[in-house]
Amino acid sequence: MYKWNKTQLKNYINYLNSIEDKNLETINDAIEILKSLKNKKILKEYNNIQYDNEEYSTLKKYNNLINKLLLKYSNINLNNIPYNKLILDKEDVLLTIRDIFYKINKELGKTVERFIIDKDIIDYSKSNPNCIFYIEYLNKFFISLNKSNNITEFTSSAHEFFHIYSTIINSSFFNSIEYEFFGILGELIISNELNNNVFIRIEGYKADINNYISTLNYIKSILLRKYVIEEDINDKDKIKFIVNNFNCSKNDLKEMYKTSLTYSYSTVISYFIALELFDIYLQDKEKCFNICDNIIKSNDNLESKLKENNINLLEHSENYVKKLVMLYKEIKDN
């Protein structure tokens, strides 16, 4: 079925409510998450305008790192490529992912297999977001997967199971700015491994291209939001200011501000870390995963992690992007 077990969720909620000597904030947060899963009310829209200035005061320390990425990729404009429909069985998708995990790294496969085969903790249906919920107090994961009937059922699902692996080996990694790198790397690896026939291979290329385009959109979003913050525009005037001064509709802005500035920073930085590690993966899988483990387990700051593991952002991205653009043109022309 692949639906969250409501009885199980109810039992967890009752257990948490029964605890007398407790950290109320931690437990209440866990209860709210479990209730949202039980009632299937996990799709929420957020307006992050009011948080941008506060978040940026913390994010500025990453500007030396991210400004290079923004400068290099801010003027590229590409449109998403539609996916072709695939007739996919849910169990086949998840078992294929499990088998690929074992093929690329046995420790990864052993660590996440129990989550892949546990149908009570996976909700896999149309219109779901792709995300995981980690109830730290209970040390339990719940997984939401989208039944998209295209290649992203493989890539996005792999992304979430990679997140489970990173959370298991270091739960505090969730709070790092580079948190998304491992999930993005998972998508790159899965699309690369699903090359057993030409049709699937082309769909995998589309997934890689669309991920790149999504990153470009985050880059444009960061530049615009940074500009508005630095212009010291009041929160209530930000939308009006952007509409009057830039080629943006209110709907575009509503979509943009659904995402926090922190998540946008994290995604852009993580994407280019993932590209560097993917280049290593293509040459030496074991070395790639050793470096990933080093980054995830370390609680050092990001620049120290990159230096310790000899990762130089933008070292290999240009060649990768050139290949994607060439593929983009080929697919668009056919």
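Given N residues in region 52-200, what is Rg(Cα) / (2.2 N^0.38 Å)? Can you show the working numbers first?
Numbers: Rg = 17.2 Å, N = 149, 2.2 N^0.38 = 14.7 Å.
Dividing the Cα radius of gyration by 2.2 N^0.38 Å gives 1.17.
Can I get the semi-axes of region 149-277's equivalent ellipsoid? Compute them from the C-alpha gyration tensor as square roots of 5 times the eigenvalues, in angstrom, largest first. Before the final figure, lay out the partial values.
Numbers: eigenvalues 200, 72, 24 Å².
Three semi-axes, in Å: 32, 19, 11.
So what's the projected area for region 38-117, the Cα convex hull averaged over all directions, in nm²? Before the final figure, lay out the partial values.
On the way: hull surface 43.3 nm².
With the hull built on Cα positions only, its mean projection is 10.8 nm².
Provide the three semi-axes, in whole Å and in decreasing order, of the ellipsoid equivalent to region 72-121 as defined by the square roots of 5 times the Cα gyration tensor eigenvalues. Please report the intermediate quantities before stating the final value.
On the way: eigenvalues 192, 65, 22 Å².
Values for region 72-121, descending: 31, 18, 11 Å.
Scattering from the C-alpha atoms of the chain alone, worked out with Debye: what is log10 I(q)/I(0) at q = 0.10, 0.13 1/Å?
For the requested q values the scattering log ratios are -0.64, -1.12.
Quick one: work out the % antiparallel among DSSP beta bridges in the chain, nearest 5. Walk me through the numbers before you get to the answer.
Working: 5 of 9 bridges.
Once the DSSP bridges in the chain are tallied, antiparallel ones form about 55 percent.
P(r) for region 112-225, please, calculated from all Cα pair distances in 5 Å bins and given in %.
2, 11, 18, 21, 20, 15, 8, 3, 1, 0
Which helices of the chain meet both criteria: a Cα extent of 30 Å or more along the helical axis and a mean Kyte-Doolittle score no lower than -1.0, with helices taken as whole DSSP H segments?
Working: long enough: 198-230 (48 Å, 0.19); 261-283 (34 Å, 0.90).
Qualifying helices: 198-230, 261-283.
Considering only protein heavy atoms, what is the solvent-accessible area of K250 at a probe of 1.4 Å, reported in Å² to the nearest 10?
Spelled out: K250, probe radius 1.4 Å, area about 140 Å².
With each run of n ≥ 4 DSSP H residues scored as -39500 (n - 2.57), what mean residue ellipticity at 222 nm is computed for the chain after dividing by its residue count and rounding to the nearest 500 deg cm²/dmol? Don't skip to the answer; put the middle values down first.
Working: 15 runs with 212 residues, N = 334.
When only DSSP H runs of four or more count, the value is -20500 deg cm²/dmol.
DSSP beta bridges in region 45-168, what fraction antiparallel, as a percent rounded to 5?
Working: 5 of 9 bridges.
Taking every DSSP beta bridge within region 45-168, about 55 percent pair in antiparallel fashion.
Which far-off residues, 5 or more places away or on another chain, put their amide H under 5 Å from the one on N128, with H placed in the peptide plane?
Here K147 satisfy the definition.
Keeping every protein chain in place, order F101, F199 by accessible area at 1.4 Å, biggest value first, i.e. largest first. Before the final figure, lay out the partial values.
Working: F101 0, F199 95 Å².
Result, largest first: F199, F101.
Roughly how far apart, in whole Å, are the Cα centres of region 66-128 and region 289-326?
20
Let me know the volume per residue of the alpha-carbon convex hull for region 193-334, in Å³. Don't skip to the answer; put the middle values down first.
On the way: hull volume 22.5 nm³, N = 142.
For region 193-334, the hull spanned by Cα atoms encloses 159 Å³ per residue.
Any chance you could list P(r) for region 190-257, counting all Cα-Cα pairs in 5 angstrom bins from zero, rounded to whole %?
It works out to 3, 14, 20, 16, 10, 8, 8, 8, 7, 4, 1, in whole percents.
For the chain, report the accessible area per residue in Å² (1.4 Å probe, heavy atoms, rounded to an integer).
Numbers: 17310 Å² over 334 residues.
For the chain, the per-residue accessible area is 52 Å².
Please report the projected area of region 267-329's Cα convex hull averaged over all directions, in nm².
Numbers: hull surface 18.4 nm².
Average projection, Cα convex hull of region 267-329: 4.6 nm².
With a 1.4 Å probe and all protein chains kept in place, how much accessible area does Y320 have, in Å² rounded to the nearest 10?
Per-residue accessible area (Y320): approximately 30 Å².
The values are calculated or read from the model by the stated rules, or taken from the named source; none is laboratory data. All values reported here derive from a predicted model rather than from experimental measurement. The area values use the complete protein model at the heavy-atom level, side chains included, leaving out ligands, DNA and RNA. Shrake-Rupley method; radii C 1.70, N 1.55, O 1.52, S 1.80 Å.
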